[in-house]
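Each remark here refers to the structure printed beneath this line.
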Amino acid sequence: LYILLLTIYDICVVGASSFGVVDVLAPVAAFFLIAKDRKKLIFWLFGLNIFILFVAVSYVLNGDYESAKVVMIRSNLILLLTLSFFIGRDEWFLLKGFYKLKFSRKFISIVFISSKLTNLLLKSAFKIPMILKIRGVNGGLLFYKAYAGALARMVCDMLDKSYRIYKTMGIRGYSGDIVFIETEDRINFGDILVIVLVMLVLAIKGAVWML
């Protein structure tokens with residue numbers, strides 16, 4: 001549902017040159033009613049705005065202030081809705097969405113295994129600084145060399161692990177897809193409100209395009 005809503009909203013605002021109150025309502029409603037971890041969401045939003053700011057500044061330097069404003073508003077609206085939907089949720093949430101939308105089973109399997117390995121790699125990478133400090137490597141060039149070496153070793157270990165998973169799944173009769181147990185998702189008030197607001201944006205933009 002969230003993937004579909006996000007796709008519709010993106011199509012509606014990606015080519016827009018001006019934004020009204022209706023365009024802002026869906027991301028704001030998602031932030032307050034759907035987002036699982038608002039503090040983490042705000043942290044990611046500010047971090048990603050650094051890159052958006054570089055794009056906006058390039059327009060400003062060329063004297064195109066209107067395009068700079070559009071880029072900032074449009075990017076933040078899309079980011080706010082995206083992060084509200086997905087921040088704080090695990091890889092199963094996204095995979096279930098792909099499954100419900102009838103994506104290729106093989107594609108879902110690849111995304112599942114890749115996301116699990118990436119998640120393990122990130123968790124291990126965050127532990128490296130603490131491990132190095134325990135071993136007496138507290139800073140300086142030696143710290144970064146040790147960190148790079150440990151990270152490279154972890155990447156190699158993950159590649160070895162992915163190969164072992166491949167061999168294990170072949171032995172267990174893996175046939176190209178992962179089967180999900182069908183479950184019924186409950187739609188709450190926040191979901192219904194965001195659906196209505198996204199459909200309202202679609203109706204307004206559609207009416208404008210047809211004029």
Of those in segment 171-206 that are modelled with pLDDT under 75 and among the small types (Gly, Ala, Ser), the residue least open to solvent (accessible area, probe 1.4 Å) is 176
Taking segment 23-37 and keeping residues in a helix (DSSP H, G or I) and either surrounded by 15 or more Cβ atoms within 10 Å (Cβ to Cβ) or touching a Phe, Trp or Tyr at 6+ places or on another chain (Cβ under 6 Å) (or both) leaves 23, 24, 25, 26, 27, 28, 29, 30, 31, 33
Residue hits (segment 1-14; under 13 Å from residue 201 (Cβ atoms) and open to solvent by 50 Å² or more (accessible area, probe 1.4 Å)) are 7, 11, 14
Of (1) crowded, with 16+ Cβ neighbours inside 10 Å; (2) farther than 24 Å from residue 202 by Cβ; (3) in contact (Cβ under 8 Å) with a residue 24 or more places away in the chain, residue 49 fails just (1)
Expected output for segment 138-165 (first residue at negative phi, partner of a type in the set (Phe, Trp, Tyr), Cβ below 8 Å, 6+ apart or cross-chain) is none
Here the residues within segment 56-78 that are open to solvent by 40 Å² or more (accessible area, probe 1.4 Å) and either hydroxyl-bearing (Ser, Thr, Tyr) or farther than 26 Å from residue 201 by Cα (or both) are 57, 58, 59, 60, 61, 62, 63, 64, 65
Apart from one, (1) farther than 22 Å from residue 165 by Cα; (2) at pLDDT below 80 all hold for residue 78; the odd one out is (2)
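The values are calculated or read from the model by the stated rules, or taken from the named source; none is laboratory data. This is a predicted model, so every value here is computed, not measured. Here Cβ is always computed from backbone atoms with ideal geometry, including for glycine, and neighbour counts include all displayed protein chains. These accessible areas exclude ligands, DNA and RNA; they are computed on the full protein's heavy atoms, side chains included. Shrake-Rupley method; radii C 1.70, N 1.55, O 1.52, S 1.80 Å.
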